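Worksheet for the structure shown next.
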Amino acid sequence: MDLYGALRPLVFRLDPETAHNLAFWLGERVCAWPRLPEPTYPPALRRSAFGLDFPSPLGLAAGLDKGATLLPLWKAVGFGHVEIGTVTPRPQPGNPRPRLFRFPEAGLILNRMGFNSEGAEIVGARLRRRPAGLIVGGNLGKNKETPEALALDDYRAAYRLIAPRVDYIALNVSSPNTPGLRNLQAPEALKPLLEGMLGLRKEMGLERQPLLLKLAPDLAPEDLDAIVEVAVASGISGLIATNTTLDRGVVAEPLRALVEAKGAGGLSGAPLKAKAREVRRRILAALRGRLPLVACGGLGSAGDVQGALEDGAALAQIYSALIFEGPALISRIHRGLTSQDL
Ligand SMILES: Cc1cc2nc3c(=O)[nH]c(=O)nc-3n(C[C@H](O)[C@H](O)[C@H](O)COP(=O)(O)O)c2cc1C
């Protein structure tokens with residue numbers, strides 16, 4: 001058993017957010033070590049997507065390292081890329097606690113964090129010291145108090161501070177915990193948002209930097225098709241699917257009643273797997289290879305990641321499975337991806 005496995009029963013007795021903060025406190029100390037191991041990636045894992053060369057298809061999804069504080073650690077444990085954020089333009093505390101719940105027996109997380117963010121200025125400044133040799137994406141969102149009609153201003157303000165310091169940008173219009181955010185996925189709202197962001201990218205001379213859009217798993221199939229057409233026509237670089245789901249139907253009884261009792265929030269982890277895959281397959285069919293897709297949602301093993309890549313995804317991201325299985329999961333997935341024995 002690895003160290004994480006040994007500590008997990010203790011850590012999982014703590015309140016999830018306290019455990020998260022403790023892990024980050026420890027992680028920051030680890031990042032200060034002068035001799036963190038250099039990751040080794042089997043050459044067969046290399047992937048190119050949206051003009052970037054990734055040493056592995058496996059990345060860390062947005063939301064865990066919102067402030068880009070543990071980048072050296074993510075590099076040392078072998079992630080091929082890390083998506084930091086969601087970063088909002090101005091600092092905000094997020095929703096009141098409790099706002100994070102785990103259900104280890106089902107590999108499920110419920111969260112209503114609500115974009116707790118130090119703000120783009122602080123995170124942008126921290127990114128000046130990012131480690132070399134790790135692909136970093138910046139996931140952007142809007143502040144809670146910003147009306148939907150002014151959302152573009154928020155994304156642009158965050159972009160100005162984050163984009164010059166990262167390798168790609170992901171626009172998050174799919175978190176369920178900021179009221180109205182998901183309405184930005186509607187084609188008539190999406191078009192001006194993407195045009196506004198691509199205009200700013202050009203103004204800033206960052207035309208070659210990929211701009212991605214992260215989608216929710218709760219969209220109707222016809223809406224997905226329409227969104228794909230808007231995304232392709234706009235000239236953005238790719239899609240990420242999916243974010244967390246509001247659908248309590250992905251959880252079987254009797255657990256569903258327990259989850260419902262915790263209140264609002266998005267679900268992630270193993271119960272999201274089938275739904276996220278179905279949504280990705282629909283998107284891939286609509287895309288017909290016109291843009292690359294990053295798979296996310298319920299992936300927890302080499303077989304899951306392999307399945308997503310065989311479906312046609314260019315890359316894959318994980319979050320919840322890392323919480324339940326620890327960092328050794330990354331090398332396990334890498335080993336699985338390079339062996340025939342999935
Ligand atoms: C506690 C928590 C916080 C999250 N915060 C964000 C976020 O700030 N921005 C975002 O785009 N996705 C966020 N996500 C969603 C993840 O990036 C991912 O899309 C989702 O969890 C599905 O992947 P998984 O099943 O591997 O966890 C968060 C997920 C969790 C569990």
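The values are calculated or read from the model by the stated rules, or taken from the named source; none is laboratory data. Remember, predicted model here, so these are calculated numbers, not experimental data. A quick note on method: Cβ atoms are made from the backbone with ideal geometry, for glycine too, and the neighbour counts reach across all protein chains shown. Please note that ligands, DNA and RNA were not included when accessible areas were found on the heavy atoms of the full protein model with its side chains. Shrake-Rupley method; radii C 1.70, N 1.55, O 1.52, S 1.80 Å.
The selection criterion, being closer than 16 Å to Phe50 by Cβ and open to solvent by 10 Å² or more (accessible area, probe 1.4 Å), holds for Arg201. Annotation note: of Asn172, Asn143, the sole residue that is open to solvent by less than 10 Å² (accessible area, probe 1.4 Å), at pLDDT 95 or above and over 21 Å from Ala241 (Cα atoms) is Asn143.
Are there any pairs, at least 6 apart or on different chains, whose C-beta atoms fall under 6 Å, with the first in the range 252-263 and touching a residue at least 60 places away in the same chain (Cβ under 8 Å) and the second assigned to a loop (DSSP other than H, G, I, E, B), and if so, which? Close Cβ pairs satisfying both conditions: Val259/Val251. From the list Leu58, Leu70, Leu64, the lone residue that is within 16 Å of the ligand (Cβ to nearest atom), under 16 Å from the mean Cα position of the chain (by Cα), over 24 Å from Ala125 (Cα atoms) and touching a residue at least 40 places away in the same chain (Cβ under 8 Å) is Leu58.
Applying the criterion of being touching a residue at least 24 places away in the same chain (Cβ under 8 Å) and open to solvent by 50 Å² or more (accessible area, probe 1.4 Å) to the residues of the range 205-224, the residue that is farthest from the ligand (Cβ to nearest atom) is Arg208. Residues in the range 49-60 that are under 20 Å from Leu36 (Cα atoms) and either in a loop (DSSP other than H, G, I, E, B) or open to solvent by 10 Å² or more (accessible area, probe 1.4 Å) (or both): Pro55, Ser56. Scanning the range 265-301 for residues that are of a type in the set (Gly, Ala, Ser) and more than 14 Å from the ligand (Cβ to nearest atom) yields Ala285, Ala286, Gly289.
Just checking, does the range 26-35 include any residue being among the acidic types (Asp, Glu), open to solvent by 30 Å² or more (accessible area, probe 1.4 Å) and either free of Cβ contacts under 8 Å to residues at least 24 places away in the same chain or over 19 Å from Glu325 (Cβ atoms) (or both)? Yes; the residues of the range 26-35 include at least one that is among the acidic types (Asp, Glu), open to solvent by 30 Å² or more (accessible area, probe 1.4 Å) and either free of Cβ contacts under 8 Å to residues at least 24 places away in the same chain or over 19 Å from Glu325 (Cβ atoms) (or both). Number of residues in the range 113-147 that are outside any loop (DSSP other than H, G, I, E, B) and in contact (Cβ under 8 Å) with a residue 12 or more places away in the chain equals 15. All of (1) closer than 23 Å to Gly297 by Cβ; (2) in a helix (DSSP H, G or I) hold for Gly63 with one exception: (2). Collect the residues in the range 241-274 that are in contact with an Asp or Glu (Cβ under 8 Å, 6 or more places away or on another chain) and within 30 Å of Glu195 (Cβ to Cβ), keeping them in residue-number order. Passing the criteria: Thr245, Leu246.
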